[in-house]
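To start, the structure itself, in structure tokens.
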Amino acid sequence: MEVVSTKAGLRTLLDAVRADGRSVGLVPTMGALHAGHLSLITAAEAECDVVAVTIFVNPLQFAVGEDLDAYPRPIERDLELAARAGASVAFTPDTVEMYPRPTATTVHVEGLTSTMEGATRPSHFDGVTTVVTKLFTIAGPCRAYFGEKDFQQLSVVRRMVADLDQPVTVVGCPIVREDDGLALSSRNVYLSPEQRAAAPVLNRALRAGAALIEAGQRDPAAVVAVMGAILGSEPLAVLDYAEVLDPDSLLRPAALEPGRPARLLIAAGLGATRLLDNLGVLTP
Ligand code: AMP
């Protein structure tokens with residue numbers, strides 16, 4: 001695996017790949033790689049000739065007081081895992097390389113960013129869309145792999161690519177979970193043993209909501225109430241939001257329509273750690 005830490009280096013390398021008639025798969029990450037990230041690399045490897053994984057903890061998407069400094073950065077281990085999963089390029093810029101001066105330009109997606117993660121973390125998505133646009137501009141035409149774990153982020157990135165005609169095909173990949181249902185996340189390492197034991201409550205709430213819909217419930221508010229109640233039954237967890245939404249618009253429908261997919265989303269705090277999870281369900 002080739003490790004490149006400059007923007008010019010990555011661009012030259014990937015331009016050469018395309019000039020050779022080979023395709024590029026891009027996997028943007030903040031590192032601290034786990035099996036969720038590796039599943040994106042595996043998916044990219046199956047569909048693209050060359051897979052480039054990017055590892056950059058993007059300060060722009062952290063608010064003051066969030067975990068930017070504490071965010072885990074096990075770079076040697078990441079490089080080993082990425083190579084083993086099938087990446088042939090790793091892009092590991094530092095902050096000065098990515099932002100030689102404070103950015104005066106921000107990419108903002110209206111609407112989709114105002115709720116859920118965007119409501120709790122107001123500048124977060126602008127940081128994501130700005131850095132992802134930079135990565136797409138540096139990497140050039142490619143397929144880019146994102147996890148459904150961050151479902152709202154995936155929707156926002158898809159919309160940005162469509163609106164700005166970015167030469168990128170966005171590919172969404174399923175959530176990888178622990179055996180007890182907890183979605184893998186680089187932030188799970190922050191959990192105390194007690195918090196870790198409580199954390200699968202998010203997934204339990206989602207599954208209970210999905211079961212309700214599958215049993216005939218058509219009122220999203222009733223499903224949200226059950227998800228909230230299950231989350232509330234775990235004393236260590238504090239609900240941020242529970243939602244039942246149309247997966248495309250991210251709006252809550254007045255009633256769930258038979259034959260249409262819905263997305264159940266949940267976020268909760270366990271101590272200082274915020275966890276996210278979501279689940280798709282087809283309304284019968
Ligand atoms: P991050 O390093 O947290 O920015 O995540 C990088 C990419 O990995 C994003 O597209 C995430 O949605 C994806 N990802 C993170 N956790 C998982 C997971 N458990 N399953 C699938 N994809 C994931």
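Going by what's in this entry, would Thr12 be described as within 19 Å of Thr137 (Cα to Cα), at pLDDT 95 or above, assigned to a loop (DSSP other than H, G, I, E, B) and away from the ligand (no atom under 16 Å from the Cβ)?
No; evaluated as a whole, the condition is false for this residue.
Can you find a residue in the range 141-154 that is within 24 Å of Ala44 (Cα to Cα), surrounded by 18 or more Cβ atoms within 10 Å (Cβ to Cβ) and out of contact with any helix residue (DSSP H, G or I) (no Cβ under 9 Å at 6 or more places or on another chain)?
Within the range 141-154, one or more residues are within 24 Å of Ala44 (Cα to Cα), surrounded by 18 or more Cβ atoms within 10 Å (Cβ to Cβ) and out of contact with any helix residue (DSSP H, G or I) (no Cβ under 9 Å at 6 or more places or on another chain).
Per-residue answers, yes or no, for (1) within 16 Å of the ligand (Cβ to nearest atom); (2) without any contact (Cβ under 8 Å) to a residue 24 or more places away in the chain; (3) touching an Asp or Glu at 6+ places or on another chain (Cβ under 8 Å):
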{"site": "Cys173", "(1), (2), (3)": "yes, no, yes"}
{"site": "Glu178", "(1), (2), (3)": "yes, yes, no"}
{"site": "Leu202", "(1), (2), (3)": "yes, no, yes"}
{"site": "Glu214", "(1), (2), (3)": "no, no, no"}
{"site": "Ala225", "(1), (2), (3)": "no, yes, no"}
{"site": "Gly228", "(1), (2), (3)": "no, yes, no"}
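I'm trying to understand the selection: among the residues of the range 129-151, which are over 13 Å from Met98 (Cα atoms) and within 14 Å of the ligand (Cβ to nearest atom)?
Across the range 129-151, the qualifying residues are Thr129, Arg143, Ala144, Tyr145, Phe146, Gly147, Glu148, Lys149, Asp150, Phe151.
Given Arg18, Arg22, Arg77, which one is surrounded by fewer than 20 Cβ atoms within 10 Å (Cβ to Cβ), in a helix (DSSP H, G or I) and either more than 15 Å from the ligand (Cβ to nearest atom) or aliphatic (A, V, I, L, M) (or both)?
Criteria check complete, one pass: Arg18.
Of the residues that sit in the range 45-69 and are small (Gly, Ala, Ser) and in contact (Cβ under 8 Å) with a residue 12 or more places away in the chain, which one is nearest to Gly140 (Cα to Cα)?
Restricting to residues being small (Gly, Ala, Ser) and in contact (Cβ under 8 Å) with a residue 12 or more places away in the chain, the top hit is Ala52.
Could you check, for the range 238-257, whether at least one of its residues is among the hydrophobic types (A, V, I, L, M, F, W, C), within 30 Å of Pro193 (Cβ to Cβ) and crowded, with 21+ Cβ neighbours inside 10 Å?
For the range 238-257, residues among the hydrophobic types (A, V, I, L, M, F, W, C), within 30 Å of Pro193 (Cβ to Cβ) and crowded, with 21+ Cβ neighbours inside 10 Å: present.
Within the range 185-200, which residues are in a loop (DSSP other than H, G, I, E, B) and either surrounded by fewer than 19 Cβ atoms within 10 Å (Cβ to Cβ) or more than 11 Å from the ligand (Cβ to nearest atom) (or both)? If you could, list the steps in order and put the result at the bottom.
We begin by selecting, within the range 185-200, every residue in a loop (DSSP other than H, G, I, E, B); these are 185, 191-192, 199-200.
Once the filter is applied, which keeps residues that are in a loop (DSSP other than H, G, I, E, B) and either surrounded by fewer than 19 Cβ atoms within 10 Å (Cβ to Cβ) or more than 11 Å from the ligand (Cβ to nearest atom) (or both), the range 185-200 yields Leu191, Ser192, Ala199, Pro200.
Within the range 264-282, does at least one residue satisfy the condition of being exposed (fewer than 15 other Cβ atoms within 10 Å of the Cβ) and more than 18 Å from Ala183 (Cα to Cα)? I'd like the intermediate steps shown before the answer.
As a first pass, look at the range 264-282 and keep what is exposed (fewer than 15 other Cβ atoms within 10 Å of the Cβ): 271-272, 282.
Add one more test, that the residue is more than 18 Å from Ala183 (Cα to Cα), and what stays is 282.
Checked the range 264-282: at least one residue is exposed (fewer than 15 other Cβ atoms within 10 Å of the Cβ) and more than 18 Å from Ala183 (Cα to Cα).
Of the residues Thr106, Thr42, which single one is touching a residue at least 12 places away in the same chain (Cβ under 8 Å), polar (S, T, N, Q), under 25 Å from Arg187 (Cα atoms) and in contact with a helix residue (DSSP H, G or I) (Cβ under 9 Å, 6 or more places away or on another chain)?
Step by step, each of Thr106, Thr42 is checked, and only Thr42 is touching a residue at least 12 places away in the same chain (Cβ under 8 Å), polar (S, T, N, Q), under 25 Å from Arg187 (Cα atoms) and in contact with a helix residue (DSSP H, G or I) (Cβ under 9 Å, 6 or more places away or on another chain).
Within the range 25-68, track down each residue that is away from the ligand (no atom under 14 Å from the Cβ), part of a loop (DSSP other than H, G, I, E, B) and either under 13 Å from the mean Cα position of the chain (by Cα) or not aliphatic (A, V, I, L, M) (or both).
Selection gives Cys48, Asp49, Gly65.
Residues that are among the small types (Gly, Ala, Ser) and in contact with a Gly (Cβ under 9 Å, 6 or more places away or on another chain): does the range 138-154 have at least one?
Taking every residue of the range 138-154 in turn, at least one turns out to be among the small types (Gly, Ala, Ser) and in contact with a Gly (Cβ under 9 Å, 6 or more places away or on another chain).
The values are calculated or read from the model by the stated rules, or taken from the named source; none is laboratory data. What you see is a predicted model, and the numbers here were worked out from it, not measured in a lab. Ideal geometry is used to build each Cβ from the backbone, glycine not excepted, and the neighbour counts take in all protein chains shown.
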